[in-house]
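Just below is one structure, and these are the notes that go with it.
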Amino acid sequence: MTKIRRIERIVAITKLLVETPGTLFPLGYFCELFDLAKSSISEDLLTVKQAFDRFNLGVLETVAGASGGVRFIPQRSGEEQRRIFSELASRLAAPERII
């Protein structure tokens, strides 16, 4: 297998996490996938975590222990949640929806 660049690993890790929120991925999974040491994967995960935090996309939760790993928990900011709920309430209250 050809060597995968760091940016490609970060994109792949992010895609896997976002597509399967709540799924616990052991670090070994990423180590095997990219044929890298845990230290390199940990650095990549730190970068992903910082991006999620910076842009309020959700939380990258780290679970310690033998059965540990990382999982993505999507979250929205309070303002964005209020906007989504307000839009949903408006759609549900629309007269054309009433039977």
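The values are calculated or read from the model by the stated rules, or taken from the named source; none is laboratory data. Note that the structure is predicted; figures quoted are calculated from it, not measured. Positions of Cβ are backbone-derived with ideal geometry, glycine not excepted, and every protein chain shown enters the neighbour counts. Keep in mind that these areas ignore ligands, DNA and RNA; they rest on the heavy atoms of the full protein, side chains included. Shrake-Rupley method; radii C 1.70, N 1.55, O 1.52, S 1.80 Å.
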Residue-level accessible surface for Leu57, protein heavy atoms, 1.4 Å, Å²:
90
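Let's see if you can work this out: charge +1 on each Lys and Arg Cβ, -1 on each Asp and Glu Cβ, no other charges. What is the dipole magnitude of the range 9-75 about its Cα centre, in debye to the nearest 20?
On the way: 6 positive and 7 negative charges, 23 e Å.
Here the size comes out at about 100 debye.
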Rolling a 1.4 Å sphere over the protein heavy atoms, what is the accessible area per residue of the chain, to the nearest Å²?
73
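Please give the contour-minus-distance gain from Glu32 to Glu80: 0.36 nm per residue of separation, less the Cα-Cα distance, rounded to one decimal in nm.
Numbers: separation 48, 0.36 × 48 = 17.28 nm, distance 3.72 nm.
Roughly 13.6 nm would be gained on extension.
What is the percent carbon and sulfur in the accessible area of the chain, measuring with a 1.4 Å probe over the protein chains and ignoring ligands?
Values: 4180 of 7270 Å².
The nonpolar share, carbon plus sulfur, comes to 58 percent.
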Which far-off residues, 5 or more places away or on another chain, put their amide H under 5 Å from the one on Gly58, with H placed in the peptide plane?
Gln75
Out of Ala51, Ala66, Ala37, any idea which swings most in a Gaussian network model of the chain, alpha carbons joined below 10 Å?
Ala66
Nearest 10 degrees is fine. How inclined is helix 38-54 to the longest principal axis of the chain, computing both from alpha carbons?
20
At 1.4 Å probe size, what's the solvent-accessible area of Leu46? Round to the nearest 10 Å².
90
With Rg and Dmax of the Cα atoms in Å defined as stated, name the option among (i) 18.2, 60; (ii) 14.9, 44; (iii) 24.5, 84 computed from the structure displayed.
(i)
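From the helices alone, meaning DSSP H stretches of at least four residues, give me the mean residue ellipticity at 222 nm for the chain, per-run term -39500 (n - 2.57), in deg cm²/dmol to the nearest 500. Spell out each step's value before the answer.
Working: 4 runs with 55 residues, N = 99.
Helices in the chain give a 222 nm mean residue ellipticity of -18000 deg cm²/dmol.
Chymotrypsin sites (Phe, Trp or Tyr not before Pro), restricted to the range 52-99: which are DSSP loop and have at most 10 other Cβ atoms within 10 Å?
On the way: sites: Phe52, Phe55, Phe72, Phe85; in loops: Phe55.
Qualifying residues, ordered by number: Phe55.
Considering only DSSP states other than H, G, I, E and B, which trypsin sites (Lys or Arg not before Pro) in the range 56-99 qualify as loop sites with at most 15 other Cβ atoms within 10 Å? Intermediate values should be presented prior to the final figure.
Working: sites: Arg71, Arg76, Arg82, Arg83, Arg91, Arg97; in loops: Arg76.
Counting only loop positions with at most 15 other Cβ atoms within 10 Å, the trypsin sites (Lys or Arg not before Pro) in the range 56-99 are Arg76.
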The summed charge of the Leu60 Cβ neighbourhood (under 9 Å; Lys/Arg +1, Asp/Glu -1) stands at 0
Value of relative contact order over the chain, rounded to a whole percent, pairs C-alpha under 8 Å and six or more apart:
27
